[in-house]
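The values are calculated or read from the model by the stated rules, or taken from the named source; none is laboratory data. Keep in mind that what you see is a predicted model, and the values were worked out from it rather than measured. So basically every Cβ, Gly included, is an ideal-geometry build from the backbone, and we count neighbours across all protein chains shown.
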């Protein structure tokens, strides 16, 4: 009985491949069973080869349905298939690949071959095209390739192109291919923190060029959403007035006009609002910081000065110490690139100015020494200090002083209605609003005083705080003031003069720093007193810097989502602090 034997040809695969390749060059077409009409040119092909290589042709040539209609369709295509979405030259290259596994790719044809490969579901050819495109991306091709990747949902290629566009923004922003970007692609560029620019004005110019091209092409876009990705802290107010407010594409959109009007107000007053992006791009070489002057550990108050990056987590650095004694409750405010500290020195009457390049400079002393007061700028040259306390006399103050940064002189300007210390203040239009505080008898007060800097008159509002409060901190938000202390959080509507309570956002500590930047509120340090069973009071300080979205407070989110931002060099109470734009 003979045994079975397994045989295997050593030439079968090669002969089959060669034979299939020869089918394509066979001018007799004797084995062809289907014709493809591509751009008027007839290609004599073979259904089996097409179906084996391409799911697209398999469905056309061998429909899965057994219905009469499907059978009729299959019979029709057995004669001729018309392809309208690809050129004859490109299809010739695709056909070469299907029959031989080879094709010649170039910068001129790769995009068209990729489109055809995607249409015909030729996975391997698509991969070859993507590899070619990825390896040949340059500043000259990245915009075109990105557009193609977005159209074909090629995520990896799209991301590679986008990263190069971000890195080479200065070179591609003047390219004619910029107009071909979709609104989504333009938004992806604008919102990228790593966009390489020297100035945010360059970003605005690029956006204007793109918007104008879309208008000329009749494309419908939504420019307001794009404006929210501009870093407005780096755009001069004159540029907004002369360039943006004169742009037709923007001014025909009411939402854009309202937004830019608010941006101008922000540039003049510092008041932020929903949708305003204020963090600088790293490539511009500056960032938003909070500067803290003095740390109170409960025993001593240091003269150390620290800057906390609000844009980068866990980044706190030391700067030049203030060359004077730091009391318990000094006050700080900023005008442009200058930070002013009031109520310092041995008599609590000194005023010092700090600039990142120059360092500390002593200014004229206040007329009345004071601490636990509030200080704020109403315009670039006029700083006001209001209320406060004189330790040596144990007296609260009602006096208001104005400092002129040009003349370096203090002037006493009227009084508050009530003498208070440990207050919070905020500026709206020409008025300074003073909230709560402590009176001479150590009682907390619930009053809201309005000092009009134009008339130099003070009035007490009929609307009071929901309850007496001391040691409030205040930040402006649009047309409201957000007030926070240890036990409460309030929103005061300056137009309606009404309060809303948001006590779930209370700080839980006293004597903390409170700043608002880039639509987030930051709480810095602070302390809390605890009384034991014997009646002894101890203070516990915090080193935590945390933040929460302003809109969480506005929308009354039930559970606050505080996020860790940084830690102070040591746990401390904070009284003198302000936000500034500083070099990185």
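A few remarks follow.
- Qualifying residues in segment 22-32 (those that are surrounded by 15 or more Cβ atoms within 10 Å (Cβ to Cβ) and in contact with a helix residue (DSSP H, G or I) (Cβ under 7 Å, 6 or more places away or on another chain)) - the one nearest to residue 85 (Cα to Cα): 24
- Condition met for residue 218 (surrounded by fewer than 18 Cβ atoms within 10 Å (Cβ to Cβ), in a loop (DSSP other than H, G, I, E, B) and outside the structural domain of residue 577 (by TED's automatic domain parsing)): yes
- Test: residue in segment 521-529 that is in contact with a helix residue (DSSP H, G or I) (Cβ under 6 Å, 6 or more places away or on another chain), part of a strand (DSSP E or B), closer than 30 Å to residue 462 by Cβ and touching a residue at least 24 places away in the same chain (Cβ under 8 Å): yes
Yes/no per residue for (1) in the same structural domain as residue 524 (by TED's automatic domain parsing); (2) touching a helix residue (DSSP H, G or I) at 6+ places or on another chain (Cβ under 8 Å); (3) more than 21 Å from residue 512 (Cβ to Cβ); (4) outside any loop (DSSP other than H, G, I, E, B):
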site	(1), (2), (3), (4)
393	yes, no, yes, no
412	yes, no, yes, yes
442	yes, no, yes, no
451	yes, no, yes, yes
459	yes, no, yes, yes
471	yes, no, no, no
474	yes, no, no, yes
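- Contacts under 7 angstrom Cβ, first residue in segment 322-336 being without any contact (Cβ under 8 Å) to a residue 24 or more places away in the chain, partner surrounded by fewer than 23 Cβ atoms within 10 Å (Cβ to Cβ) and in a loop (DSSP other than H, G, I, E, B), 6 or more apart: 325/345; 325/346
- Checked against the criterion of being buried (at least 21 other Cβ atoms within 10 Å of the Cβ), over 30 Å from residue 548 (Cα atoms) and without any contact (Cβ under 8 Å) to a residue 60 or more places away in the chain, the candidates 244, 227 yield just one match: 244.
- Residue within segment 168-184 that is within 29 Å of residue 269 (Cα to Cα), out of contact with any strand residue (DSSP E or B) (no Cβ under 8 Å at 6 or more places or on another chain) and either outside the structural domain of residue 126 (by TED's automatic domain parsing) or surrounded by fewer than 16 Cβ atoms within 10 Å (Cβ to Cβ) (or both) present: no
- Tallying residues that are surrounded by fewer than 20 Cβ atoms within 10 Å (Cβ to Cβ), under 23 Å from the mean Cα position of the chain (by Cα) and part of a strand (DSSP E or B) within segment 501-519 yields 0.
- Whichever residue in segment 34-52 is outside any helix (DSSP H, G or I) and loosely packed, with under 15 Cβ neighbours inside 10 Å and, among such residues, is farthest from the chain's Cα centre (by Cα): 42
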